[in-house]
Amino acid sequence: MLAAAADARGRSYSPYSKFRAGAAVLTDDGEIVEGVIVENVSLGLAMCAERTAMFATVARGQKPVALALVAPDTTGDVTWPCGACLQVALELGGPDLVVTAADAGESLPDDPPSATVRQLAPRAPHRDRPPS
């Protein structure tokens with residue numbers, strides 16, 4: 001999945017931030033669906049690579065079971081999905097969806113860091129638990 005996300009990253013559209021990111025979703029059918037960041041001069045109309053991949057998965061009638069992200073590091077660490085992407089991952093894949101992340105500036109690691117959506121967004125509201 002990381003290789004697919006890295007490949008997708010090359011097709012990202014990020015002329016404003018230059019923050020090139022690619023994502024890949026493993027579906028319940030065993031397929032990989034790619035997504036890229038797509039920016040717009042109106043920032044609110046931009047879409048992260050993770051959501052692009054997850055929305056494309058749903059559009060194909062499939063369910064996300066894992067998510068990979070390849071992006072430049074931020075603050076000296078791999079970039080994890082933003083809150084909006086985690087909320088979408090929670091909605092579409094559930095709290096146990098595994099997210100794997102890798103730094104775009106390095107070769108892909110053999111043992112990349114990963115975490116579940118529940119670990120990355122432990123108090124996020126979802127269908128089975130109303131907001132507290």
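The values are calculated or read from the model by the stated rules, or taken from the named source; none is laboratory data. All values derive from a computational prediction rather than experimental measurement. Using ideal geometry, Cβ is built from the backbone for each residue, glycine included, and neighbour counts are taken over all protein chains shown. These accessible areas exclude ligands, DNA and RNA; they are computed on the full protein's heavy atoms, side chains included. Shrake-Rupley method; radii C 1.70, N 1.55, O 1.52, S 1.80 Å.
Remarks
- Residue (of Phe19, Val36, Ala56) at the positive-pole extreme of segment 1-67, dipole from beta-carbon charges: Phe19
- Here is the list for segment 11-112: trypsin sites (Lys or Arg not before Pro) lying in DSSP coil, each with at most 15 other C-beta atoms within 10 angstrom of its C-beta, are Arg11, Lys18, Arg60.
- Fraction of accessible area attributable to carbon and sulfur, the chain (%, probe 1.4 Å): 54 percent
- FRET efficiency estimate (nearest 0.05) - Cβ-Cβ, Asp111 to Val58, R0 25 angstrom: 0.25
- Principal axis extents of the Cα atoms in segment 8-77, from largest to smallest and rounded to whole angstrom, are 35, 28, 18.
- For the chain, the share of DSSP beta bridges that are antiparallel, to the nearest 5, is 70%.
- The calculated 222 nm mean residue ellipticity attributable to helices in the chain amounts to -7000 deg cm²/dmol, summing -39500 (n - 2.57) over DSSP H runs of n ≥ 4 and dividing by all residues.
- Convex hull volume per residue, computed on the Cα atoms of the chain, equals 116 Å³.
- Distance between the 7 Å Cα→Cβ label points at Arg118 and Ser14: 3.1 nm.
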